[in-house]
Amino acid sequence: MSWEDKILRIVRVVNSQEMGTFGRLLTAITAVGGNVGSIELLNETSSQVVRDITVFADDERHLDLILEAIRRNRGTKLLDVRDEVMALHLKGKIAVRSRYPIDSVTTLRRVYTPGVAEICMKIARDPKLARLYTSTSHMVAIVTDGTAILGLGDIGPLAGMPVMEGKAMLMESLVGLSGVPILLDTKDADKIIEIVAAIAPTFAAIQLEDISAPRCFKIEEELQKRLDIPVLHDDQHGTAVVTTAALTVASRKTKRDLGKAVIGQIGLGAAGNAIAKMLMRITGNPVYGADLNPEAVERHVANGGKASDLKEIMAHCDTVIATTGAPGLIKPEMVRKGQIILALSNPRPEIEPEAARKAGAAFAADGKSVNNVLGFPGIFRGAVDTWSSRITHEMLVAAAHAIANQTPDDQLVPNPLDKRLHAAVAHAVATKAIEQGLARAEYVPYVRE
């Protein structure tokens, strides 16, 4: 199990000053298979010592064993157990803030009544001015029905809110867009289309998120037809962009021609279907596709792909991509020497990258590194800044190339927190929008205030 998949807790303990107490405590933790991280001394007196100890456990049951071992250690008292991840999510991770302080009656009258009336009338006469005088110029709706949250499945829209908040945080911190989570308590595709279309005037773009296949295909397609702002299902196209970027880098490093690669796609849901479609358009070659759902395979074949299965893909393809949500699906003995393997399911991949490399893979990565955060912030920033009516295949390919070109020589993908990466993606997307005649505003590259 990788360190990222372990449970982390900070335990606060008070130990007596009796010689050997702390040593016995560490031994007790490791004896039940726990791992100790950082240790912080908080207070010490002549009789006792208070410390915060970071411990790692495999799962909740394992954590209970570790805590019981701590409680049973002679001379130790367990004071507190803190979950830093839970603490970060308390009361949510985002908030709406005013850009200007309302510190006087004069300011109040400017931002609200009576001053705001003049702005309202200007927009009523010329709706295009809303882009200049309201927040619609930088607001992006992040819409989910909760049916395909991460690799967790259909857990409902409310349970998906932490993911939507995370997306909003990334948009704001990386490219300055204001992401607004929209939770829809319906699975009816037609209702979702109507609701999103009705609220669209509030936003500069719509990001569809964690909506299960095949409904997501219809929802995206219909909204793209009805709205004159960018609509993008990130699980499909964001994943396809970053996967294409990673394969481009891996092909360069192994001196292979991506256009001649034999590619296999395991899992043909929203992400897998879009990845296969993008790679087939780029290479001109069919992608081998496998899925337990016959309809998904039929859709893949209709798009120009080749129906296959796990065994054939692992035996025949030199590039393997997996988006199944099935941890451990790919066994080490299935890996052939020199394969490129991207096991992208989150939070647990089909095969751990280290295990794939140990089995002979030339390159291996999971969804933690080959992640949509590399693409969607810059893609939306470039589309919004040019006031593009849509996001095209060519714009997505431009984004993939930008990500690949920003990747350091010793890495498969760039650092997702490098703002230069997202600026480069935004610029590439904006440039392509201008080339395709989709830009309705002069492009001014975003600069963080």
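Derivation of every value follows stated rules applied to the coordinates shown; laboratory data play no part. Just so you know, these numbers come straight off a predicted model, no measurement behind them. Reconstructed Cβ throughout: ideal geometry from the backbone, glycine too, with neighbour counts over all protein chains shown.
Only Lys, Arg, Asp and Glu count, each charged at its Cβ (+1, +1, -1, -1), so figure out the dipole size of the stretch 3-89 about its Cα centre, rounded to 20 debye. The partial results should precede the final answer.
Working: 11 positive and 14 negative charges, 91 e Å.
Rounded to the nearest 20 debye, it is 440 debye.
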Open item on the list: Under a Cβ-only charge scheme (Lys and Arg +1, Asp and Glu -1), can you give me the dipole magnitude of the chain about the Cα centre, in debye to the nearest 20?
Closed with: 740 debye
Task: Inter-probe distance in nm under a simple model that places probes 7 Å from Cα toward Cβ, at Tyr100 and Arg440 - done: 2.6 nm
- [ ] First select every other residue whose beta carbon is under 13 angstrom from the beta carbon of Ile193; then total the charges, Lys and Arg +1, Asp and Glu -1.
- [x] -1
TODO: For Lys306, enumerate residues with amide H under 5 Å from its amide H, sequence gap 5+ or separate chain, H modeled in the peptide plane.
DONE: Val287, Tyr288, Gly289
TODO: Quick one: which residues, 5 or more positions from Ser178 or on another chain, have an amide H under 5 Å from its amide H? H modelled 1.01 Å from N in the peptide plane, none for Pro or chain starts.
DONE: Met139, Val140
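Quick one: grab the alpha carbon gyration tensor of the chain, order the square roots of its eigenvalues as a ≥ b ≥ c, and give me rounded if a/c is under 1.5, else prolate or oblate depending on whether a/b is larger than b/c. Walk me through the numbers before you get to the answer.
Working: a/c = 2.10, a/b = 1.20, b/c = 1.75.
Here the chain falls in the oblate category.
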Task: Relative packing of 292-298, 428-434, 235-241, 44-50, which averages over residues the other C-beta atoms within 10 Å, highest first - done: 235-241, 428-434, 292-298, 44-50
- [ ] Divide, for the stretch 213-319, the radius of gyration over alpha carbons by 2.2 N^0.38 Å, where N is the residue count.
- [x] 1.10
Task: the chain, relative contact order in percent, only Cα pairs under 8 angstrom and at least six apart counted - done: 11 percent
Open item on the list: Given the -39500 (n - 2.57) contribution per DSSP H run of 4+ residues, what per-residue ellipticity at 222 nm results for the chain, rounded to the nearest 500 deg cm²/dmol?
Closed with: -12500 deg cm²/dmol
Task: Extended-chain gain in nm, criterion 0.36 nm per residue less alpha-carbon gap, Leu41 and Arg72 - done: 9.1 nm
- [ ] Can you list which of the trypsin sites (Lys or Arg not before Pro) found in the stretch 181-268 are DSSP loop residues with at most 13 other C-beta atoms within 10 Å?
- [x] Lys255
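Is there a quick way to get the dipole size of the stretch 228-295? I mean about its Cα centre, with the Cβ of Lys and Arg at +1 and of Asp and Glu at -1; what is the value in debye to the nearest 20?
Working: 7 positive and 6 negative charges, 125 e Å.
For the stretch 228-295, the charge dipole is close to 600 debye.
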Task: Of the trypsin sites (Lys or Arg not before Pro) in the stretch 315-377, those whose Cβ has at most 11 other Cβ within 10 Å and which sit in DSSP loop - done: Lys337
Open item on the list: Explain nothing, just compute: Karplus ³J(HN,Hα) = 6.51 cos²θ - 1.76 cosθ + 1.60, θ = phi - 60°, for every residue of the stretch 51-62 in order, whole Hz, x for Gly and Pro.
Closed with: 9, 9, 10, 7, 10, 10, 10, 6, 7, 5, 5, 5
